[in-house]
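The values are calculated or read from the model by the stated rules, or taken from the named source; none is laboratory data. Just so you know, these numbers come straight off a predicted model, no measurement behind them. Every residue, glycine among them, receives a Cβ derived from its backbone with ideal geometry; neighbour counts consider all protein chains shown. Only protein heavy atoms, including side chains, enter the accessible area calculation; ligands, DNA and RNA are left aside. Shrake-Rupley method; radii C 1.70, N 1.55, O 1.52, S 1.80 Å.
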Amino acid sequence: MATGKINVSVDNIFPLIKKFLYSDHEIFLRELISNATDATLKLKHLTSIGEAKVEYGNPIIEIKVDKEGKKLHVIDQGLGMTEEEVKKYINEVAFSGAEEFLNKYEDSAKDAGIIGHFGLGFYSAFMVADKVEIITKSFKDEPAVHWSCDGSPNFTIEASDKKERGTEIILHIADDSTEFLEDHRISELLRKYNKFMPVPIKFGTKTETLPKPEGAKEEDPAPTKEVDNIINNPNPAWTKQPADLKDEDYKSFYRELYPMQFDEPLFHIHLNVDYPFNLTGILYFPKLTNDLNIQKDKIQLYQNQVFVTDNVEGIVPEFLTMLRGVIDSPDIPLNVSRSYLQADGAVKKISSYITRKVADKLSSLFKNNRKDFESKWNDIKIVIEYGMLSEDKFFEKADKFALYPTVDGEFYTFEELQDKIKENQTDKDDKLVILYASDKEAQHSYIAAAKDKGYEVLLLDSPIISHLMQKLETSKEKISFARVDADPIDKLIQKEDTQISKLSDEEKEKLKADLEAVFGEKSNYTVQLEAMDSDASPFIITEPEFMRRMKEMQQTGGGMFGMGNMPEMYNLIVNTNHELVSEILNTKTAKKKERLINQSLDLAKLSKGLLKGAELTEFIKRSYDMVK
Ligand code: ADP
Ligand code: MG
């Protein structure tokens, strides 16, 4: 048997880098600025532990575009490289100096915020440049070096006369990448990736207005001065301690994150752990609308203050992707596919930590200022309900603070609600019936009928509430939800078995035949004769709870019930104990009987909001004829 070593020729590595290293070419700038930041933070660390005997000062990173010369410069004042270091760190592809630094300084450097990791970032420059130069001078007392490479594996190294400490990277932008010679494009990238990086980044200058000198005349223009245009905030709120921040600081950071967003956040959650993983961040609850999709992808993910993505799928539980804010963690493995991410142990822990923190925050808001919590309920309920549906751990906690508002503006927790209604709303089978409406106006007459009986009616109008009711019914004992228009109120909460009907069986048969003769084929109503109180409505249109709820769940649950499109189904309940119904039965003239039935059916439809179009016009005309 023969063994050997496959010879990987590096001659062809540059075209490969260009094509496959990163799908997004624009990230080269993020990589170069990350290296410049690392170089600066390393120097900071070395001066702080006394290993570098130089003045750290106030280093900045500068980005310069030379459109004529087709060059882009990234200049830092960090620790620089000696010739030996250039050979070691740059010429060896996939050797990470960042990783080496972290290993060497272990504990002391663990909080230094070093970004680099894989030893590939630098080479992303070749995605947009056909020649790259490095001019660098180490903080150590050694001559400066000039490295240059034209994209083939051949490079040159020579001495340079650079005097100041630090590194300048010069990209000779390739013809297919001239967009990166446009100021606005570079500004856009800096804003996207570098807005919160820890070292100040200068891009051009700006004009600052100074105060007018003493004794200046009204018409004298205020003096101005050219200053560095620093594009980033090196100390964003999430890197600070919660104790050092006021409510206003959180709000102004929100505006910094979302300059185009004009609403104020309702409240924030400051995340801060370092064991068993590192994570900081601030999440905000914005005012949410009932549209679930438009609000996603607002949370930004950072690693050591470098923007990575605004797709936090897999890292943040789905129901929290409606929130806004930032998460910063060096522990999220981003070089792997999303499906792997969801199986990663550290990521799972991060996700459940975030869920727990959100639940704890909501719980303390509820306990500490219930009135305020109630006033915000409508804007936050969708997240909480969604969370209760999708995460059992969250359900357990949220069950104690989730609120159920009534049509009269009271708010109950589930437990309070049970206590409040158990006397009055328990049916003959000992089941607690929770009545609700989804629209106070449209269901007014049904709500009124329930309130006449002294029942509490909840107002539940969020788009996923039917799923939550389903979950509550299965996870709690002997309760059921019923919308006020699901059945006549006495049937919704049936306290006795039967009511006596005034009509005989033959009379009922005849009534049914009369009704069907008038609107038989034209209706999609199932006629149901019921003996009810004589003061209940004579005709009531109802929509059975089960079918309606399934239909709603299907609309909001992405077809998870596989029922196709279900038709609308209504019952027409006829109260056989009502005077008008007797009158219909006993009317001799066919014409009058027909008119009574049509009018009654239309009134029932009107009350359910179903009378529209030509039917409504016809009804109005007929009603005028009757009153004149
Ligand atoms: P990584 O950052 O993951 O270590 P890179 O390919 O981005 O890998 O960079 C390789 C190495 O080159 C760095 O670790 C660092 O030692 C060196 N380097 C790159 N840019 C600079 C710079 N601006 N100043 C000093 N050293 C640098
Ligand atoms: Mg790097």
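Numbers at a glance
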quantity	calculated
Lys/Arg +1, Asp/Glu -1 at C-beta; the range 433-501 dipole; positive extreme among Thr498, Val484, Ile434	Ile434
Cross-link pairs Lys195/Lys298; Lys137/Lys195; Lys71/Lys202; Lys240/Lys357; Lys287/Lys349 - those with Cα-Cα distance over 20 Å	Lys137/Lys195; Lys287/Lys349
Environment charge at Ala437 (Cβ cut-off 12 Å; Lys +1, Arg +1, Asp -1, Glu -1)	-3
Calculated FRET value between Asn368 and Lys476, using beta carbons and R₀ = 25 Å, to 0.05	0.40
Of all DSSP beta bridges in the chain, antiparallel share, percent nearest 5	75 percent
Selection of trypsin sites (Lys or Arg not before Pro), the range 235-328, meeting DSSP coil and at most 10 other Cβ within 10 Å	Lys246
Under 23 Å from the Cα of Lys431 - lysines, other chains or at least 8 residues apart	Lys400, Lys420, Lys422, Lys451, Lys453, Lys471, Lys476, Lys478, Lys491, Lys495
Dipole-positive endmost among Thr355, Thr309, Pro276 within the range 237-372 (Cβ charges, Cα centre)	Thr355
For the chain, convex hull volume per residue from C-alpha positions, Å³	305 Å³
Normalised alpha carbon radius of gyration of the range 145-187 [divisor 2.2 N^0.38 Å]	1.49
Protein accessible area in the range 403-492, 1.4 Å probe - carbon and sulfur %	42 percent
Spatial extent of the range 10-205: Rg and Dmax, with the Cα atoms as the point set, Å	16.0, 47
Value at 222 nm in deg cm²/dmol, rounded to 500, when DSSP H runs of n ≥ 4 in the chain each add -39,500 (n - 2.57)	-11000 deg cm²/dmol
Inter-label distance for Arg622 and Lys376, nm, one decimal - labels placed 7 Å from Cα along Cα-to-Cβ	5.3 nm
Per-pair calculated FRET efficiency, R0 = 41 Å: Ser390 and Asp452 via Cβ, rounded to 0.05	0.60
10 Å-binned pair-distance histogram of the range 452-515 (Cα, whole percent)	15, 32, 28, 17, 8
Per residue, the convex hull volume that the Cα atoms of the range 403-492 enclose (Å³)	94 Å³
Whether the range 237-372 is rounded, prolate or oblate, judged on the alpha carbon gyration tensor where a/c under 1.5 counts as rounded	rounded
